[in-house]
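What follows is calculated from the coordinates using simple rules that are stated; it is not laboratory data. Not measured: the values here are computed from a predicted model. Positions of Cβ are backbone-derived with ideal geometry, glycine not excepted, and every protein chain shown enters the neighbour counts.
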């Protein structure tokens, strides 16, 4: 039975689509270009989460309502479809709220994954975007995808930049153009040893920043983020520097709630680090080391 799109006024179509579950919305979006346009125009802004994962040999797309916990859902896989060009696997939750589609290509991987991203990102452009660029993604393709997202003003909620290696220019552009209080950025890529990022006026303001191989990070540039996690050897982490950093966090109007820094050798006398803080503030940070939750805390990790 065909869906009578041409016979319905747009307001009626809009209401019908908004009443559908995620699975039905997804199938309608791939029915035709016209139906994809109706989906694009009907989905309320920020109501869905669209996850895009770029892999060495394929592409993964996930769609669900904002805030949906896919870990708690019962997933029902469909029989894989295999052609000469690719294999395709679809999975759905039994409640109809979660959709997962994966494509594995046997040749011309980047060509087809690029087309899939352009197609689904435009249809679901009002969704919250999670983009994951895995280790084997080429830097050129990764930056092409990110520039397409920036150029179309997509709602970038989480960016996972997991390339093996990247140039200084690409990371600086990534930091500058993803810098938003509602965006979380996760970087696990090795950078040239001499690289130091240039912060914007007022510093970076991510919701979350997590960096592996953090030798290039100056913690002072990220005090306006809400959560900062730095892993790997960070230069300048002396007792004096960390003490000044703590005082700066306490005494300034910053957004910081969670700050994880690596100390490869925990000082025997931790009190030296919080020297100069009040007794209350000192206890505040000391408790945080052992996992007590607080509004602002600094977590040291060995």
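Results, tabulated for the structure shown:
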read-out	value
Packing-based order for 44-53, 20-29, using average beta carbon neighbours within 10 Å, highest first	20-29, 44-53
Whole-angstrom gap from the range 47-81 to the range 218-266, using each part's C-alpha centre	35 Å
Computed lengthening from residue 18 to residue 147, 0.36 nm per intervening residue step minus Cα-Cα distance	43.5 nm
Sequence ranges 155-165, 63-73, ranked by mean other-Cβ count within 10 angstrom, highest first	155-165, 63-73
Potential lengthening between residue 236 and residue 140 on full extension [0.36 nm per residue; Cα-Cα distance subtracted]	31.3 nm
Inter-label distance for residue 213 and residue 37, nm, one decimal - labels placed 7 Å from Cα along Cα-to-Cβ	4.5 nm
Sorted by Cβ neighbour density within 10 Å, fewest at the top, the residues 16, 211	16, 211
